[in-house]
Each structure stands twice: as structure tokens, then as C-alpha cells.
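Here the structure comes first, spelled out in C-alpha cells, and everything after it is commentary.
The values are calculated or read from the model by the stated rules, or taken from the named source; none is laboratory data. In this text the structure is predicted, and so the values were computed from the model without any measurement. All Cβ positions, glycine included, derive from the backbone under ideal geometry; neighbour counts span all protein chains shown.
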Amino acid sequence: MTSHPLDLILVSTPIGVLGSGRGGGVELTLSSLLKGLVDRGHRVRLIAAEGSQLPHGCESAELLTAEGEDQPSWQHLDGESPVSIPRDGLLPRFLDIALEVGARADAVINFGYDWLPLWITPHLPHQLYHLISMGAVAEVMRDQIEALASWDQQRLAFHTARQASDFCLPHPPRVVGNGFDLARYRFRQEARGPLGWAGRVAPEKGLEDAAAAAAALGEQLLVWGLREDPAYAEAVEASVPSGTLQWRGFLPTADLQEELGRCRALINTPKWNEAYGNVVVEALACGVPVVAYDRGGPGELVQSGETGFLVKPDDIAALTSALRRLPELERAACRAWVERNASQAVFARRVEDWILAGRPTSS
Ligand code: UDP
């Protein structure tokens, strides 16, 4: 338990209901942080889209919901796109609630990757903080994140140093990593299973390279995740021999870890500067080594030669060779790394330290 209980408001992504998968990794980040903060004795309120539910074990938290249109996701817009907010947008409705209930809170922590909450921060008396969930995927977002950092960088945290390196910051970044409820992931010793891939099925995730590596080995690739871009999914399927890809759908965490844990390895092949890579750590938590491109968050999370292998980005031959070296690895080392570095408790503690460090000295 903390000796400094804080009054915290968490503001979800204005994309999708929590649990739908449309919010990507932010959904899991939010639910494990909520649980970690509640366990440490903080008062937590969550603002999320109507239809969302509090995760199990967080009954002492309060859920405040709003209805409205999703924001367009920045990673699928042109990098030069202007800011847009749909009519009846969820984003301003979340802000209405956050500004009303958060006036006296110790911190309002925003998890949405959006321009408006960043821009408004210096103009408010509220203690508005932002956990940035992506790299610089749009210029207008880069400018606003850098502008806020110049005003008070303490208001910003990042998941990894690689992600933060996309931005020109006056000080070293505050890196909080991410956290997982490890009781929900079962360690599995068996190392002879299939190859797996997990994530939103969208071009920035690079499924085609993992599929090509599996095909080069004459193996199947099990794929879990939301088919966000169906045309892309079909193009990937057509790029490898029929039957290579086994679509397993988007599963809730309990079922995902059950199936993922049986894999010999997870392949992670991002084409963008992935901010973190939840699925990488979820696989490791089950004892599944990860063979990943040395790019973005996964390049910081995988300990090459110990919990998986990092290879040169976009090099499918290197990926294929690394997959042949899996017997060199100990599955127990994968789980041990997650316990030390990415538990829900470790993550909640880092977020707490971030907020405490930024608190006005007079309070
Ligand atoms: N996920 C899931 N079920 C699936 C496949 C994926 O719940 O069948 C979740 C996974 O647990 C992870 C998220 O989808 O939290 C993907 O997050 P990641 O950080 O890997 O990528 P993002 O979508 O945020 O870019």
C-alpha cells in the first residue's frame, strides 16, 4: 500500500468500448493500471465509452461513461492530416467529465493519443497528465507533444525510450513501461508448439513478414487479433501458400494466453516505431520467447539471446534463421523478465512515482 493515497482520474481512449479491441494495447494498459493503482490504495475513477466495464478486482473504482462518435485513429491517417473531431465526438464528452470531476483531483491522466487534451493542458488549473501511447505518427501530434514538453515535460510519460526518441524533448523522457496482471498468464514449459503472431491486423504491424518467415520454414502461423483492415488481411493471406495462416480471431485475455502459451515462439514484426508491444510481454509472461525486429518498443523489451532474438528490421531471412535457434532459449527466463519488469504492481508504482514527482510543491 502507498503512504500517499492519490485521487486519480483515468481518461480512456476515445476509440471503442473497453474490451472491444478497437482501442488496441491501451485497453489492457488501462485495466492493469487501474487494478495496480486500486491495490496500492489510491482512489481511482475511470472515464470510458458507454458499454465499458470495470475490470475484475476494481470494484472500489468508479466508472463514468459517455456516449459519442469515436475519434479517427491517428496511425491510419496521413502524417500531414489536420486535427478533426467528429460531430457528437466522444473526446469532448470525456473532457467535459474530466474537467468537471477532476478539478480537485491529484491528477487526471489521459490515455488518448489526441491533440485537444495536450493543447488545453497549459491553459487549465487541473493537473492534466498524458501517457503517450504512440510515437510521432502525425506531424500535428508531434508538434503538440513537443510544445507541451517545452512547457512542462513532467506532464508526459512514455512506454519506452525508443518511442520517446521520436520526439525532440528538452529533458530525458519519463519511461513507465507497461504492466500486466501476471495471475492471468500461465507459464508453460512445453517448447514444441506452433509459431504465433498477435496484434491488430493492420499494415503497421507487418504480419506479411511473419507469414513469409513461417512459410520459409514450411510451417503454419497462428494469428490472433482484430482484423482491423480486411483488405490488408486478404493480401497477406494471398502472399503465402494457402493454409499458412490460421486465423484464430480476437480472443479475450484468458483464452488468448491459453492458446498463445502453447506456442514455440511469437513473431513480432512491426513496420512502425511501436510504442511498447503488449503482445510481446504477454507471450513472455507465458514463457513464450519472442523473435522480433529490432525496432521500437519490442527492440527494448526482448533480451536478445535470453528471452528471444532481435533481428535487423525488415530482414525476413534473419527472422527465419533466428526461429531456427529457439532451442537455445530457456522459457523460464521469459517469465522471470516479465515478473521483474512488467508486472501490474511495478507499472502502478512507476506511474505513482511520475505523478508524485509532478505534484505542485504547495499541496
Ligand atoms: N489482443 C487481445 N486478443 C487477441 C489479440 C490481441 O486481447 O486475440 C490484445 C492484446 O492483449 C494487446 C492488444 O490486443 O493488449 C494489442 O496491443 P499491442 O500493444 O500489441 O498493439 P497496439 O494494438 O496497441 O498497436
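Data table
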{"item": "Checking residue 71 against (1) polar (S, T, N, Q); (2) surrounded by fewer than 14 Cβ atoms within 10 Å (Cβ to Cβ); (3) within 19 Å of residue 26 (Cβ to Cβ), the condition it does not meet", "result": "(2)"}
{"item": "Selection within the range 271-284 - more than 17 Å from residue 161 (Cβ to Cβ) and either away from the ligand (no atom under 11 Å from the Cβ) or in a loop (DSSP other than H, G, I, E, B) (or both)", "result": "271, 284"}
{"item": "Scope the range 24-52; condition in contact with a strand residue (DSSP E or B) (Cβ under 7 Å, 6 or more places away or on another chain), assigned to a loop (DSSP other than H, G, I, E, B) and within 15 Å of the ligand (Cβ to nearest atom); matching residues", "result": "52"}
{"item": "Criterion (within 12 Å of the ligand (Cβ to nearest atom) and out of contact with any Ser or Thr (no Cβ under 7 Å at 6 or more places or on another chain)) met by exactly one of 153, 246, 189, 163", "result": "163"}
{"item": "Residue 222 being surrounded by 19 or more Cβ atoms within 10 Å (Cβ to Cβ), within 16 Å of the ligand (Cβ to nearest atom), farther than 25 Å from residue 77 by Cβ and more than 20 Å from the chain's Cα centre (by Cα)", "result": "yes"}
{"item": "Scan of the range 296-308 for residues that are outside any strand (DSSP E or B) and either within 15 Å of the chain's Cα centre (by Cα) or buried (at least 24 other Cβ atoms within 10 Å of the Cβ) (or both), ordered by number", "result": "296, 297, 298, 299, 300, 301, 302, 307"}
{"item": "Candidates 192, 162, 227 - the one that is in a helix (DSSP H, G or I) and of a type in the set (Lys, Arg)", "result": "162"}
{"item": "Selection within the range 199-210 - more than 24 Å from residue 184 (Cβ to Cβ) and within 16 Å of the ligand (Cβ to nearest atom)", "result": "202, 203, 204, 206, 207, 209, 210"}
{"item": "Condition met for residue 287 (modelled with pLDDT of 95 or more and within 16 Å of the ligand (Cβ to nearest atom))", "result": "no"}
{"item": "Residue pairs meeting the criteria (Cβ under 6 Å; at least 6 apart or on separate chains; first surrounded by 17 or more Cβ atoms within 10 Å (Cβ to Cβ), in the range 234-263; second hydroxyl-bearing (Ser, Thr, Tyr) and not in a strand (DSSP E or B))", "result": "257/185"}
{"item": "Test set (1) in a loop (DSSP other than H, G, I, E, B); (2) out of contact with any Leu (no Cβ under 6 Å at 6 or more places or on another chain); (3) within 16 Å of the ligand (Cβ to nearest atom) - residue 75 fails condition number", "result": "(1)"}
{"item": "Among (1) within 15 Å of the chain's Cα centre (by Cα); (2) outside any loop (DSSP other than H, G, I, E, B); (3) not β-branched (Val, Ile, Thr), the one test that residue 178 misses", "result": "(2)"}
{"item": "Residue in the range 131-150 that is farthest from the chain's Cα centre (by Cα), counting only those that are within 16 Å of the ligand (Cβ to nearest atom) and outside any loop (DSSP other than H, G, I, E, B)", "result": "141"}
